[in-house]
Amino acid sequence: MTSSPSLSRPLPRAVSRRELIAAAGAAGAAGLLGTAAGPAAAAGSRTAASASLIIHNARVFTGVAGARPAEAVAVGRDGRILATGTGSALRRLIGRDTEVVNARGNTVMSGIHDGHVHPLGAGDRSLRPSLEGAETTVAELQEILKGFLADTGGAAQEPDGWLVVEDWNPVGLLPTGTNPHHSMLDALPTRRPVALVGGDGHNLWANRRALEIAGITAATPDPVGGRIVKGPDGQPTGLLKDDAQELVQQHIPEPTQAELVAACAQVLGQAAASGVTTMMDALAGRHELRLYQALAKSGKLPQRMLPAIRLDAEQAQDPGASLAYARGLQREFQGVRGLRFGMVKVFLDGVIEYPAQTAALLKPYLDGNGKPTNNRGELYVSARDYGRLTAAFNRIGWQMHAHGLGDRAVRTALDGYAYARHATGRRDARNAIAHLQLVDPADLRRFAQLGVAACMQLQWAAKDTWTMEALLPYIGPERHRWMYPARSLEKAGARLAGGSDWPVDALQVWNQLRTAIDRKGAYGEGELYRRLEGLSRASVLRMHTLGTAWQLRQDGLTGTVEKGKAADLVLLDRDVTRCPVPDISDTKVELTLVGGRTVHDAHTATGRAAAARLTRAAQGPRPASYASVHGGRHRACGCGS
């Protein structure tokens, strides 16, 4: 591991870089770059050509194919990159008040672009107790929930105060295969409504009181795009899938606006501390847009933000009404600083792991013993409807973003995009499919042919409970080999983009990038088809910068480090282009810039606090997929007990 970058000489952070340069004088500033200063710098003048910031002695990953190696970056006073090159070449850009940072040989690169994330959901979740994705027996879970009942008000909240618990693991009840039932929650010593929200975003488990409040009975029909799981007796079990979750969630009291704004500001600070400079919020409606409006008004929206307007399965059948809805939200919130509209999100299916099995497959799920069942998952929107919807939005220059996890959902999205291309004649729509957990090999080349972005969450591409025990027996080895086929897509010419899906997963950006390379990551028990599907380091860095910028139609502005682009940059604590691949997981971000403005500085009190929260999250209990992999080895690996 290389040493951390610092200022030009070790000084308390109370002394700013600007003060340091002014005190050093022009000659001193030139000395920092290892060469004599040019005339403008020698005069100590501030000229229009001088830089506001120069980072030197760096390994600059420009992301530009065939670009010359660079060791310094100059940021102009307009928030754009003024120049890249050698330290000696950039010396002419030093003015009296230019800030100069010595990277000590570590990486400077474009900021991370997160092409599929739910940051406001992370803020909302942070206000409630969390199960951290733990695997437990029913008895162990009940003991944990008793503690949460006490911590959230105890007797003072009886009988009507909701207990809502985040990050429940839908496949985490032990022994493996135990299915949730409201009776397990009904056994708690409370009359309060209880709801456990699945960390995957697709499952909710409610007790009988919560079901009664929601009016869910044996006669309640499944909503479009969701399922009320019922037992052999026809009665609801308490498990609600996908859009059926809303039947209960609509009755849960919301936090106050002030509470949400404070929580969301904190998690956006964590994202900045992770090096994230642009986000595509994959689930936005009026509620989320009002939060962004409040965050922007209070100066607490550090990233560039592209909200994807979420349309449900019913809306997807009516393109005209959907257009009116999305454009109405655009008109209402288009003045919010930091927001850019032009994206729509639609769920085409659910999740693939047992016992959910709502991802749409071309061939049926297996029963765990190799025999086909009659279940092919759930396709929420037909190819015809999705094509018509896509055509309507592509005509006005908007993009589509599909949740497509199973191979049938992926094909449905591609079919819809093919229809829209034929109907509109547009060749650069840049529609996307997210997740791509299972892709049929016959569809690989269609991504390039249709100009579709493959937005992948490759922190999941490791051997763990989710990919092995909860999946392999239910789809078989032939299909399993095509799990997260990143390299196959790349070889077929697809544009790869990256996203975290935070808070479905913890925000661990650099482990996400590492896992895309070695297909194991920090927590996997082994490599998941690394030789077949692992990506090169350069491909992964481009995927999470320029690749996602392309997906978001932002590649003319950001995504590479070159003259004229916005200075959305990160300075890291190591050289991620050369360090051992496992070391990438532990990367820390020293400095994050958006448009040349510092949104994270690890040497400030705010920056240290944000970094500390990230560290605590990384050291906390792992999701069940990782917990089961590590077994009794937690103390040895240091990831918690």
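The values are calculated or read from the model by the stated rules, or taken from the named source; none is laboratory data. This is a predicted model, so every value here is computed, not measured. Heads up, the Cβs are rebuilt from the backbone with ideal geometry, glycines too, and the neighbour counts pull from every protein chain shown. Protein only, heavy atoms only, side chains kept; ligands, DNA and RNA dropped before computing areas. Shrake-Rupley method; radii C 1.70, N 1.55, O 1.52, S 1.80 Å.
Based on alpha-carbon centroids, what's the gap between segment 348-425 and segment 161-232 in Å, whole number please?
Answer, in whole Å: 26.
Return the sequence-ordered ³J(HN,Hα) values of segment 153-169 in whole Hz as given by the Karplus equation 6.51 cos²θ - 1.76 cosθ + 1.60 applied to θ = phi - 60°, using x for Gly and Pro.
Along segment 153-169, the couplings run x, x, 4, 5, 9, 6, x, 10, x, 5, 10, 10, 10, 8, 6, 6, 9 Hz.
Answer with one residue from Gly153, Gly133, Pro119: the one whose Cα lies farthest towards the positive end of the charge dipole of segment 48-183, charges on Cβ with Lys, Arg +1 and Asp, Glu -1.
Pro119
With a 1.4 Å probe and every protein chain kept in, tell me what percent of the accessible surface of the chain is carbon plus sulfur. Could you put the intermediate results ahead of the total?
Working: 12390 of 24720 Å².
Ligands and nucleic acids excluded, carbon and sulfur reach 50 percent.
Working from Cα positions, state the angle (0 to 90°, nearest 10) between the long axis of helix 17-32 and the longest principal axis of the chain.
Once rounded, one gets 50 degrees.
Find which of Gly534, Asn511, Ser500 sits farthest along the positive direction of the dipole of segment 499-556, computed with +1 on the beta-carbon of Lys and Arg, -1 on that of Asp and Glu, about the Cα centre.
Of the listed residues, the answer is Gly534.
I need the calculated FRET efficiency for the pair Asp186 and Ala538, taking r as the beta carbon distance and R₀ as 56 Å, to the nearest 0.05.
On the way: r = 54 Å, r/R0 = 0.97.
Step by step, r from the Cβ atoms, then E = 0.55.
With a 1.4 Å probe and all protein chains kept in place, how much accessible area does Lys565 have, in Å² rounded to the nearest 10?
My reading of the accessible area for Lys565 is about 20 Å².
What figure, in Å² to the nearest 10, do you get for the accessible area of Asp505 with a 1.4 Å probe and non-protein molecules left out?
Rounded to the nearest 10, that gives 20 Å².
Residue separation times 0.36 nm, minus the C-alpha to C-alpha distance between Gln142 and Ala219: what's the value? Display every interim value, and only then the final one.
Working: separation 77, 0.36 × 77 = 27.72 nm, distance 2.91 nm.
Length difference between fully extended and current span is 24.8 nm.
Take the Cβ-Cβ distance between Lys371 and Gln257 as r, set R0 to 51 Å, and report the resulting FRET efficiency rounded to the nearest 0.05.
Values: r = 53 Å, r/R0 = 1.03.
With R0 = 51 Å, the Cβ-Cβ based efficiency is 0.45.
Where does helix 383-395 land angle-wise versus the long Cα axis of the chain, in degrees 0 to 90, nearest 10?
Approximately 30 degrees, to the nearest 10.
Kindly provide the helix-only [θ] at 222 nm of the chain, computed as the sum of -39,500 (n - 2.57) over DSSP H runs of four or more divided by all residues, to the nearest 500 deg cm²/dmol? Could you put the intermediate results ahead of the total?
Numbers: 23 runs with 208 residues, N = 641.
The helix contribution divided over the chain gives -9000 deg cm²/dmol.
Any chance you could check the Cα centroid distance between segment 103-152 and segment 572-589 for me, in angstrom?
Using only Cα atoms to place each centre, the spacing works out to 23 Å.
What list of ³J(HN,Hα) couplings, whole Hz, do you get for segment 532-539 from phi and the Karplus terms 6.51, -1.76, 1.60, once you set θ to phi - 60° and write x for glycine and proline?
Calculated HN-Hα couplings, in order: 8, 10, x, 9, 6, 4, 4, 4 Hz.
How far apart, in nm, are two points set 7 Å out from the Cα along the Cα-to-Cβ line at Ser298 and at Ala156?
2.3 nm
Placing +1 on the Cβ of each Lys and Arg and -1 on the Cβ of each Asp and Glu in segment 227-351, which of Pro253, Gln266, Val351 has its Cα farthest towards the positive end of the resulting dipole?
My answer, from the dipole projection, is Gln266.
Between the helical axis of 509-518 and the dominant principal axis of the chain, each derived from Cα atoms, what acute angle in degrees is found, rounded to the nearest 10?
Once rounded, the angle reads 80 degrees.
Kindly report the accessible area of the chain per residue (heavy atoms of protein chains, probe 1.4 Å, no ligands, DNA or RNA), in Å².
Here the per-residue accessible area is 39 Å².
Check Leu174: other-chain or 5+ apart residues with amide H under 5 Å from its amide H, H built from backbone geometry?
Thr136, Thr137, Val138
Using a 1.4 angstrom probe and counting only protein chains, how large is the accessible area of Glu478 in Å², to 10?
Glu478 exposes around 150 Å² with every protein chain in place.
With θ set to phi - 60°, apply the Karplus curve 6.51 cos²θ - 1.76 cosθ + 1.60 along segment 328-342 and write out the HN-Hα couplings as whole Hz, x wherever there is a Gly or Pro.
x, 5, 4, 4, 5, 10, 5, x, 6, 5, x, 9, 9, 9, x
Bin width 20 Å, alpha-carbon pairs only: give the P(r) of the chain as whole percents, running from 0 to the bin holding the largest distance.
Reading upward from the zero bin: 19, 52, 25, 4, 0.
Amide H neighbours of Gly498 under 5 Å, at least 5 residues apart or on other chains, H built in the peptide plane: list them.
HN-HN under 5 Å from Gly498: Gly115, Met456, Thr548.
List every residue whose amide H lies under 5 Å from the amide H of Met343, counting only residues 5 or more places away in sequence or on a different chain, with H placed 1.01 Å from N in the peptide plane.
Long-range HN contacts for Met343: Ile309, Gln399.
With 26 Å as the cut-off, how large is the P(r) tail for segment 229-384, expressed as percent of Cα-Cα pairs? Don't skip to the end; give the middle numbers.
Values: 5440 of 12090 pairs.
Tail fraction, whole percent: 45.
Evaluate the Kirkwood expression for the hydrodynamic radius of segment 479-547, namely the inverse of the mean inverse distance over all pairs of different C-alpha atoms, and round to one decimal in Å. Present the calculation step by step, with values, prior to reporting the outcome.
On the way: mean 1/r = 0.0806 Å⁻¹.
After inverting the mean inverse Cα-Cα distance, the result is 12.4 Å.
Cα centroid distance between segment 514-566 and segment 308-324, in Å?
The two parts, judged by their Cα centres, are 31 Å apart.
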